[in-house]
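Okay, structure first, notes after.
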Amino acid sequence: MPLRPAPSPPTPSGCTGAARRARTLVAAVLAAAAALPLAACQNAGGERDAAGPRTVAAPSPTAGAHPRDRNACTPDMLRFHAGAEPHRDRRMLLTVTNIADRTCTFAAQPYPLLHFGDRLPDPLPPLPYSRPRTPVVLPPDGTAYAEVLTAAAPGGPGGRSAPASTTEKASQFGIALTARTTPAQVGVDGHAPIRVDPGTAAVTYWQPGPPAPGRW
């Protein structure tokens with residue numbers, strides 16, 4: 001009687017299922033790994049980028065303050081002087097000299113912000129027709145000028161005058177070069193105190209030279 005090979009032992013059904021699941025898991029992992037390079041080469045619209053992965057540029061640094069602000073004159077660079085103008089009623093001349101070793105400009109704030117007393121919390125308004133064509137630039141030792149109209153002349157603009165009852169005596173005043181800063185106090189030389197009418201007083205823009213008499 002011929003000999004027959006002994007039958008191989010049966011494989012447990014549990015082992016067969018585990019091997020099948022393992023093979024499926026390995027195939028899924030390989031497929032996911034193969035898809036990653038393709039996803040990296042696609043742009044935001046889902047299309048493949050022929051140039052390969054793109055490099056995102058870092059945002060450029062801000063340029064900082066505007067040049068006119070970086071070069072602005074500051075109180076610590078300046079020396080102020082104020083005094084009533086001889087033989088001119090209701091006029092006071094304000095001068096400012098650059099005592100620093102670098103040039104500065106009044107481009108950011110082209111007229112002084114002057115504060116007189118408690119009745120006038122806001123600075124004096126500027127005279128629009130006194131604005132120079134270009135902002136004043138102060139080199140070292142350079143001087144700029146501003147004329148203060150402490151009160152309107154009788155029969156002046158709008159027919160207004162400055163009765164003595166509305167004027168205030170001032171021997172000093174506050175000056176700021178930019179808004180929202182604490183004004184520096186400047187004393188008035190000469191025949192102090194001067195009389196200032198808060199309702200009609202005004203100031204010229206900074207001027208590169210002394211104002212001509214009667215110009216404003």
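The values are calculated or read from the model by the stated rules, or taken from the named source; none is laboratory data. Keep in mind it's a predicted model, so treat the numbers as computed, not measured. For neighbour counting, all protein chains shown are included, and Cβ atoms are generated from backbone atoms with ideal geometry for every residue, glycine included. The area values use the complete protein model at the heavy-atom level, side chains included, leaving out ligands, DNA and RNA. Shrake-Rupley method; radii C 1.70, N 1.55, O 1.52, S 1.80 Å.
Values computed for the structure shown
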{"quantity": "Cβ pairs under 7 Å, 6+ apart, first in the range 124-142 and more than 9 Å from Trp206 (Cβ to Cβ) and among the hydroxyl-bearing types (Ser, Thr, Tyr), second open to solvent by less than 100 Å² (accessible area, probe 1.4 Å) and modelled with pLDDT of 95 or more", "calculated": "Ser130/Thr204; Ser130/Tyr205"}
{"quantity": "Residue in the range 162-169 that is touching a Gly at 6+ places or on another chain (Cβ under 7 Å) and at pLDDT below 90 present", "calculated": "yes"}
{"quantity": "Selected residue (criterion: nearest to Lys169 (Cα to Cα)) from residues of the range 102-119 that are more than 22 Å from the chain's Cα centre (by Cα) and open to solvent by 30 Å² or more (accessible area, probe 1.4 Å)", "calculated": "Gly117"}
{"quantity": "The range 128-149, residues that are assigned to a loop (DSSP other than H, G, I, E, B) and open to solvent by 20 Å² or more (accessible area, probe 1.4 Å)", "calculated": "Arg131, Pro132, Arg133, Thr134, Pro135, Pro139, Pro140, Asp141"}
{"quantity": "Residue in the range 119-130 that is within 21 Å of Gly83 (Cα to Cα) and at pLDDT below 85 present", "calculated": "yes"}
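One line per residue, one yes/no per condition, for (1) touching a helix residue (DSSP H, G or I) at 6+ places or on another chain (Cβ under 9 Å); (2) at pLDDT 75 or above:
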{"residue": "His66", "(1), (2)": "no, no"}
{"residue": "Ala82", "(1), (2)": "no, yes"}
{"residue": "His87", "(1), (2)": "no, no"}
{"residue": "Thr97", "(1), (2)": "no, yes"}
{"residue": "Arg102", "(1), (2)": "yes, yes"}
{"residue": "Thr105", "(1), (2)": "yes, yes"}
{"residue": "Pro112", "(1), (2)": "no, yes"}
{"residue": "Val148", "(1), (2)": "no, yes"}
{"residue": "Gly158", "(1), (2)": "no, no"}
